[in-house]
Amino acid sequence: MMKSIFHTHKKSVSGAVQVDKIMLWVATIITLTVFILIFSLLYVILSKGLPKMTLHFLFGLPEEIDAGGGIGPFLFNSFYILALSLLISLPIGIGAGIFLAEYAPNNKFTEFVRASVESLSSVPSIVFGLFGYVVFVEHFEIGFTIIGAASTLALLNLPILTRITEEAIAAVPTEVREASLALGATKAQTILKVVLPAAIEGILTGISLVACRAFGESAIILLVGGTSTSGVMWDAHPLSEGGTLPVHLWYVQSEALVADAQEIAQKASALLVFIVLFISFSVRFPLWIKQQITTSKKHNVQ
C-alpha cells in the first residue's frame, strides 16, 4: 500500500516537473520573440534616420517649402516643456505618494482618493489635452503656449507619479521604520533619511517612465501647445507657441509641403526614439551600478 502511494506521488511530482519545464520553454520563446520584434523595430527606425543626422538638422530652423530645414526650435521646446512639466509634477506627485503611504488614515476617504488616482492614471492623454485646451486656450485665453502644454503634461504625470511613489514606499519593510524610530528618529527624519533612500529605485524608475511618456506625447501638445514655434531658437518665453518634436513629426508626415518631408520624418523618428532610450538608460544605468556595488559588498562580507 505504501509502495503504491510512493509511486503515485513520484509520478505526480515528475508530471509537475515536466509541466514546469514546458511552461519555462513557452515563456522563454515568447520573451525572445517580443525582444526580437522590439529590436527589429528599433533597428529599422534608427538605421533609417541616425546616419543622415547633421548638426544643422538638430539646431537649424525649419523651412516651410525649401528642403534642408532643421528642427531646432521643436527640439528645444520638447526638452523645455518636459523640464517644466517635471518641475511642476515631481514635488506634488512624490509628496502625495508619501502622504498616502505614510500619513493618510486608513478610511473610506483615503480609499476613494486611491481609487481616483488609479482611475486618472489610466485616462487617455487626449482627455487631458481637451481639459488643457478648455482651461488654458479658451478660459484663460492665453492661446497655444509652452506653459499651457507643460501644465497639462504635469496633470498627466501626477497620478502615475503618486501611485508609483506610494507603492515604492509601501514596499519598504516595516521593520526598517521601526528600527529608525527605536533609535530616536522622528517620523519625518525616518521618511527622509531611511524610507526614501530605500524606495529611491522604484521612484526613479517611475520618474523615468513619466519623463519618456511626456517627451513622446503629442495629443496634449497638439491641443494645448500648438503645431509650430515662435521661429526663434532658444526661445524660453513661457507664452511662446509650444510645438514639440512629436507634433512636428506628425505635421511633416501629414501636411508639410517641404520636398524632403520623408527624410525629415525618418530623422525625427530616429531622434525621438534615441532620446527616449537615452532618458531611460540614464536613469536605469546608475541604479544598475549601485545594485552591482551593493551585491559585490554583500559577497565580500560573506
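Please verify whether the stretch 115-129 includes one or more residues that are over 24 Å from the mean Cα position of the chain (by Cα), of a type outside the set (D, E, K, R) and open to solvent by 70 Å² or more (accessible area, probe 1.4 Å).
No.
Residue check, V232 against (1) hydrophobic (A, V, I, L, M, F, W, C); (2) open to solvent by 50 Å² or more (accessible area, probe 1.4 Å); (3) over 26 Å from P51 (Cβ atoms); (4) in a helix (DSSP H, G or I), all met but one. Which one?
Going through the list (1) hydrophobic (A, V, I, L, M, F, W, C); (2) open to solvent by 50 Å² or more (accessible area, probe 1.4 Å); (3) over 26 Å from P51 (Cβ atoms); (4) in a helix (DSSP H, G or I), V232 breaks only (4).
Got a sec? Which of T145, T174 is open to solvent by 60 Å² or more (accessible area, probe 1.4 Å), more than 20 Å from the chain's Cα centre (by Cα) and hydroxyl-bearing (S, T, Y)?
T174
Being of a type outside the set (D, E), touching an Asp or Glu at 6+ places or on another chain (Cβ under 9 Å) and under 22 Å from I92 (Cβ atoms) narrows it down to one of R177, R163, R213, so name that one.
One residue alone meets the criteria, R163.
Name the residue that is farthest from F99 (Cα to Cα), counting only residues in the stretch 187-199 that are without any contact (Cβ under 8 Å) to a residue 12 or more places away in the chain and either open to solvent by less than 70 Å² (accessible area, probe 1.4 Å) or under 25 Å from the mean Cα position of the chain (by Cα) (or both).
Filtering the stretch 187-199 down to residues without any contact (Cβ under 8 Å) to a residue 12 or more places away in the chain leaves 188-189, 192, 197.
Restricting the remaining residues to those that are either open to solvent by less than 70 Å² (accessible area, probe 1.4 Å) or under 25 Å from the mean Cα position of the chain (by Cα) (or both) gives 188, 192, 197.
Values: A188: 11, L192: 13, P197: 16 Å.
Ranking the candidates gives P197 first.
Only one of these is without any contact (Cβ under 8 Å) to a residue 24 or more places away in the chain and touching an Asp or Glu at 6+ places or on another chain (Cβ under 9 Å): G60, G70. Name it.
Working: G60 fails: touching an Asp or Glu at 6+ places or on another chain (Cβ under 9 Å).
Checking each option against the conditions leaves just G70.
If T205 passes every condition in (1) over 16 Å from L161 (Cβ atoms); (2) open to solvent by less than 60 Å² (accessible area, probe 1.4 Å); (3) at pLDDT below 90; (4) assigned to a helix (DSSP H, G or I) but one, which one does it miss?
Every listed condition holds for T205 apart from (1).
Counting just the residues of the stretch 240-269 that are under 19 Å from T145 (Cα atoms) and more than 23 Å from the chain's Cα centre (by Cα), which one comes out least open to solvent (accessible area, probe 1.4 Å)?
Going through the stretch 240-269, the residues under 19 Å from T145 (Cα atoms) turn out to be 240-251.
Now restrict to residues that are more than 23 Å from the chain's Cα centre (by Cα): 240-241, 251.
Values: S240: 17, E241: 56, Y251: 66 Å².
Applying the filter and picking the extreme gives S240.
Please list, ordered by residue number, the helices (runs of 4 or more DSSP H) wholly in the stretch 33-136 having 2 or more residues that are closer than 23 Å to P246 by Cα.
By residue number, 55-59, 72-98, 125-132.
Determine which single condition K108 fails, assuming it passes every other condition in (1) modelled with pLDDT of 95 or more; (2) open to solvent by 40 Å² or more (accessible area, probe 1.4 Å).
That leaves (1) as the condition not met.
The values are calculated or read from the model by the stated rules, or taken from the named source; none is laboratory data. Predicted, not measured: the structure shown is a model, and the values here were computed from it. Don't worry about glycine lacking a Cβ; one is built from the backbone with ideal geometry, like all the others, and counts go over all protein chains shown. These area figures cover heavy atoms from the full protein model, side chains too; ligands, DNA and RNA do not enter into them. Shrake-Rupley method; radii C 1.70, N 1.55, O 1.52, S 1.80 Å.
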